[in-house]
Ligand code: SF4
Ligand code: SF4
């Protein structure tokens, strides 16, 4: 395994350990590709309505159909005007899980596609690992979840471990996540089969392939879930829907970085108009980090989905792009040994690319290597 590196953050950007709750957006957006049935303007939507793989986070009327950026693709969305009544139609029922089959059925029913894929693809699970690892600097979503919901997380790990008939499970977090570690250690004695393992704060240590190498586990036989996925399962079991998500808002253009819990489907523009109205115009917005993430176009709005964990707002800095100087740094740093320069020159996407952005980070010519090799949009 290549030596993983630590990415430097901006020393002045420090989060205050306090969550800002933004629970009353004027509108939320529901991507129409997440809908099984057809909805019309003026239809009423209850909070907690489960669409295909999306939950309405408020109640109210559909007032419009619009377009917005949803997970980096322009998508058609229904606009739901919040009536602030928090009306729920059918309360979700608690679910009993007694076997692996029950677990798989529930995960399938609630469209937790990623988890379903992971559990069903591994024929013979020998290890169960739950990770609370944020890779990008300025993203602390997994840390905050573990710090605040450690009871629920340990309880659910214990349940999954028992239905998978495993003797032990591992909770992995970075050795810098002091508060989470303290909280978990205060109750982990109640769960003698759950071990906690601390890993160094290195970029990509949370990638399944590197994590398994580090733990000396066979990737093909290890079920790895995030603490967020564990909470999704927990919420289903207890009949709750996940209508909020944690994001961080930071960057060198912002005076006070924020940790926020916002309703899924809220637009970034509405959050900015409430919390960051004095920013001016000379900034760039990056979604999900400066390395793996993407910059949105000026004036573009995005829908906050559960896949979004960080918003970085930086002063505009346009680095000048020059010709490749054949320094070899991109190949040397690539964690999966891709000949990055060659792929870039031939405009080839490489299937092994992790989209980690280390090649862009290191390139002295400031070339957009990751975007070509990973096949991301430029
Ligand atoms: S983005 Fe892809 S090509 Fe670039 S360093 Fe990461 S894995 Fe290698
Ligand atoms: S890091 Fe940039 S300049 Fe160096 S070889 Fe790779 S593409 Fe060329």
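Table for the structure above
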quantity: Filter result for the condition that a residue is more than 9 Å from ligand 1 (Cβ to nearest atom) and in contact with a helix residue (DSSP H, G or I) (Cβ under 8 Å, 6 or more places away or on another chain), over 304, 313; calculated: 304
quantity: Criterion (touching a helix residue (DSSP H, G or I) at 6+ places or on another chain (Cβ under 9 Å) and buried (at least 16 other Cβ atoms within 10 Å of the Cβ)) met by exactly one of 187, 205; calculated: 205
quantity: Residue that is farthest from residue 334 (Cα to Cα) [pool: residues in the range 354-365 that are touching a helix residue (DSSP H, G or I) at 6+ places or on another chain (Cβ under 8 Å), part of a loop (DSSP other than H, G, I, E, B) and within 14 Å of ligand 2 (Cβ to nearest atom)]; calculated: 364
quantity: Residue 72 surrounded by 13 or more Cβ atoms within 10 Å (Cβ to Cβ) and modelled with pLDDT under 95; calculated: yes
quantity: Selected residue [more than 9 Å from ligand 1 (Cβ to nearest atom) and either touching a residue at least 12 places away in the same chain (Cβ under 8 Å) or under 30 Å from residue 229 (Cα atoms) (or both)] from 333, 338, 362, 325; calculated: 325
quantity: Unmet requirement for residue 121, which otherwise passes all of (1) within 19 Å of the chain's Cα centre (by Cα); (2) under 28 Å from residue 353 (Cβ atoms); calculated: (1)
quantity: Residues of the range 340-353 satisfying the condition of being buried (at least 16 other Cβ atoms within 10 Å of the Cβ) and more than 7 Å from ligand 2 (Cβ to nearest atom); calculated: 343, 350, 353
quantity: All positions within the range 276-317 that are in contact (Cβ under 8 Å) with a residue 40 or more places away in the chain and exposed (fewer than 15 other Cβ atoms within 10 Å of the Cβ); calculated: 300, 307, 315
quantity: Some residue of the range 31-48 being closer than 27 Å to residue 313 by Cβ, crowded, with 16+ Cβ neighbours inside 10 Å and within 25 Å of the chain's Cα centre (by Cα); calculated: yes
quantity: Elements of type helices (runs of 4 or more DSSP H) in the range 257-346, at least 1 residues being modelled with pLDDT of 95 or more and touching a strand residue (DSSP E or B) at 6+ places or on another chain (Cβ under 7 Å); calculated: 268-275
quantity: Failed item, numbered, when residue 166 is tested on (1) in a loop (DSSP other than H, G, I, E, B); (2) buried (at least 19 other Cβ atoms within 10 Å of the Cβ); (3) touching a strand residue (DSSP E or B) at 6+ places or on another chain (Cβ under 9 Å); calculated: (2)
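Conditions (1) farther than 28 Å from residue 234 by Cβ; (2) at pLDDT 95 or above; (3) in a strand (DSSP E or B), marked per residue:
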| position | (1), (2), (3) |
| --- | --- |
| 7 | yes, no, no |
| 13 | yes, no, no |
| 17 | no, no, no |
| 24 | no, yes, no |
| 29 | no, yes, yes |
| 80 | no, yes, yes |
| 96 | no, no, no |
| 103 | no, yes, no |
| 108 | no, no, no |
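The values are calculated or read from the model by the stated rules, or taken from the named source; none is laboratory data. Since the structure is predicted, the reported quantities are computational estimates derived from the model, not experimental observations. Neighbour counts are summed over all protein chains in view; Cβ atoms, including those assigned to glycine, are modelled from backbone coordinates with ideal geometry.
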